[in-house]
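Written out below as structure tokens is the structure these notes cover.
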């Protein structure tokens, strides 16, 4: 399923909603985030595997940046220390299994496979519960509010044309063909919500 299908299904209205039925694209090169921040939950090897996976689920291509640039893997690592803590063992076991499958295929870990081989491994497990869970969290980390650690530099919102939270909308902005300039603000950047900020990871 191509990336345009993902974006059509996600849409601006689902910027805060996880999807569960999108398959990995097979026609984009995996790219790495240039800067590394300290990890909160995963080991570096686990994180490398995770980042390679999210890069295939929402890849960087001619349409723009993908899950890597949006920091989806960072969002998951951070959330595993908080709201997603109950999934820590699920992720550790699931990522380890991905590397077992990768080594069975090419005798290298998942992150070192070619994009085509990575897609083949992901396709072989797309009906598994871990794949659905990982896909949902990848979408959250790409398109959710940046406050929670993903959607770095509003890459996800820019990708789908979501202009961001607004406290007031003009009649002109409500037109279906309106071109609304992005605010590039988290909901919690507004005074109305800032006093009710949840703890990070929750």
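The values are calculated or read from the model by the stated rules, or taken from the named source; none is laboratory data. Being a predicted model, the structure only gives us computed values, none of them experimental. In this analysis, Cβ positions are derived from the backbone assuming ideal geometry, glycine residues included, and neighbour counts consider all displayed protein chains.
Do we find a residue being in a loop (DSSP other than H, G, I, E, B), modelled with pLDDT under 70, at negative phi and surrounded by fewer than 17 Cβ atoms within 10 Å (Cβ to Cβ) anywhere in the stretch 183-196? Don't jump to the end; show me each part of the working.
Within the stretch 183-196, the subset in a loop (DSSP other than H, G, I, E, B) is 183-186, 190, 195-196.
Retained after the next criterion (residues that are modelled with pLDDT under 70): 195-196.
Next, from what is left, pick out any that are at negative phi: 195-196.
Narrowing the set further to residues that are surrounded by fewer than 17 Cβ atoms within 10 Å (Cβ to Cβ) leaves 195-196.
Yes, the stretch 183-196 contains at least one residue that is in a loop (DSSP other than H, G, I, E, B), modelled with pLDDT under 70, at negative phi and surrounded by fewer than 17 Cβ atoms within 10 Å (Cβ to Cβ).
Modelled with pLDDT of 90 or more and either touching a helix residue (DSSP H, G or I) at 6+ places or on another chain (Cβ under 7 Å) or more than 20 Å from residue 143 (Cα to Cα) (or both), is that true of residue 7?
Working: modelled with pLDDT of 90 or more: no; either touching a helix residue (DSSP H, G or I) at 6+ places or on another chain (Cβ under 7 Å) or more than 20 Å from residue 143 (Cα to Cα) (or both): yes.
So residue 7 fails the test.
Take the conditions (1) more than 14 Å from the chain's Cα centre (by Cα); (2) at pLDDT below 50; residue 19 misses just one of them, which is (1). The conditions of being over 13 Å from residue 54 (Cβ atoms), modelled with pLDDT of 90 or more and outside any helix (DSSP H, G or I) are not met by residue 165.
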